[in-house]
1. Would you confirm whether any residue within the range 110-127 is aromatic (Phe, Trp, Tyr) and closer than 26 Å to Met216 by Cβ?
2. Write out, first by first residue and then by second, each pair whose Cβ atoms fall under 9 Å of each other, whose residues are 6+ apart or on separate chains, and whose first residue, in the range 169-180, is under 19 Å from Thr196 (Cβ atoms) and outside any strand (DSSP E or B) while the second is hydrophobic (A, V, I, L, M, F, W, C) and open to solvent by 10 Å² or more (accessible area, probe 1.4 Å).
3. When the range 132-148 is examined, which residues are found to be surrounded by 16 or more Cβ atoms within 10 Å (Cβ to Cβ) and more than 15 Å from Gly81 (Cα to Cα)?
4. Scan the range 122-136 and report the pairs whose first residue is without any contact (Cβ under 8 Å) to a residue 24 or more places away in the chain and whose second residue is assigned to a loop (DSSP other than H, G, I, E, B) and open to solvent by 20 Å² or more (accessible area, probe 1.4 Å), with Cβ atoms within less than 6 Å and a gap of 6+ or a chain change.
5. Consider only pairs whose beta carbons are under 9 Å apart and that are at least six residues apart or on different chains; among these, list those whose first residue lies in the range 29-51 and is touching a residue at least 40 places away in the same chain (Cβ under 8 Å) and whose second residue is among the aromatic types (Phe, Trp, Tyr) and within 11 Å of the ligand (Cβ to nearest atom).
6. Taking the range 67-84 on its own, how many of its residues are open to solvent by 40 Å² or more (accessible area, probe 1.4 Å), within 10 Å of the ligand (Cβ to nearest atom) and free of Cβ contacts under 8 Å to residues at least 60 places away in the same chain?
Amino acid sequence: MKIAVLGTGGGGRAHAARLAELGHDVVVGTRDPEATLARTEPDMMGNPPYKQWLADHPGITLMTFGDAADAAELVINGIDGHNAVGALSAIAGKLEGKVLVDYAVPFVYNPDVEHPWPTPWGVMPKLDPCDTDSLGEQIQRALPGTKVVKSFVTQEQEIVVNPKAVGGGDHTMFVAGDDAEAKKAVTGLLKSYGWTDVLDVGGIVASRGMEMYAHMHSVIGFALGFGNPFGVKVVR
Ligand SMILES: NC(=O)c1ccc[n+]([C@@H]2O[C@H](COP(=O)([O-])OP(=O)(O)OC[C@H]3O[C@@H](n4cnc5c(N)ncnc54)[C@H](OP(=O)(O)O)[C@@H]3O)[C@@H](O)[C@H]2O)c1
């Protein structure tokens, strides 16, 4: 299948590499391909410059967000959560009628937040929107002709593409969205990654719970120590 991964961060790289390994035709979207390939420093998460990563992954093509979306049947959103609605709205026409899987978290990185929550790296980012809205819903409202599915967001993307790395794969992944066929397509993709327990948690409104879980995921990560991957299993 022709799949676009919008995003050159660590999560986008994990999906692009695994999808190519599975035999898909993968294109990656970025704001400005030339600027992205000209970077020589690691990104803020310590990922090596994209040009270096791309050289190790022949067959993956880097293009603008719009051209990548245009070239694909299914699109994965890995654009930083705070900027996702703006960037996706700008290419709405290229996403019309397509399935868009969104794993972004609407984190706002502001060191001057009220009631700061100290973390090993400084201060926990704030979620905005939260409680009464979600990024998944905002994206669906901005792109009414696109079938938005919220998924992958409750896990590190390296584990999403390789669930067997934790507990032999015996943990749960979630999908939410208003279009049943789109959720079926995303569930199929998850199964091809190796997931055996995919729980449909309802309409796109369920993105609220999935995004707010980001804080819980972080505190479990603090408790276990980073670099110790874990999963959640819904026992029923
Ligand atoms: N990494 C994970 O395992 C993981 C897990 C769960 C959730 N998430 C969430 O998923 C989202 C993506 O995470 P990630 O780690 O894959 O990548 P990321 O480093 O958070 O984001 C990278 C992407 O965001 C784009 N971007 C940044 N600022 C932008 C702006 N002003 N306008 C348009 N695009 C902009 C970058 O564009 P360029 O390519 O042009 O630089 C790049 O493609 C985040 O919200 C993150 O919190 C990540």
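1. Initially, the range 110-127 is screened for residues aromatic (Phe, Trp, Tyr), giving 117, 121.
Adding the requirement that they be closer than 26 Å to Met216 by Cβ leaves 117, 121.
Looking through the range 110-127, at least one residue is aromatic (Phe, Trp, Tyr) and closer than 26 Å to Met216 by Cβ.
2. So the pair list comes out as His171/Ile159; His171/Phe230; His171/Val232; His171/Val234.
3. Within the range 132-148, Leu143, Thr146, Lys147 qualify.
4. Once the first residue is without any contact (Cβ under 8 Å) to a residue 24 or more places away in the chain and sits in the range 122-136, its partners that are assigned to a loop (DSSP other than H, G, I, E, B) and open to solvent by 20 Å² or more (accessible area, probe 1.4 Å) give Val123/Pro111; Val123/Pro116; Pro125/Tyr109; Lys126/Val113.
5. Gly29/Phe65; Arg31/Phe65
6. Count: 2.
The values are calculated or read from the model by the stated rules, or taken from the named source; none is laboratory data. Just so it is clear, the structure is predicted and the values come from calculations on it, not from any experiment. Cβ: placed from backbone, ideal geometry, glycine included. Neighbour counts: every protein chain shown. Accessible surface areas use protein heavy atoms only, side chains included; no ligands, DNA or RNA. Shrake-Rupley method; radii C 1.70, N 1.55, O 1.52, S 1.80 Å.
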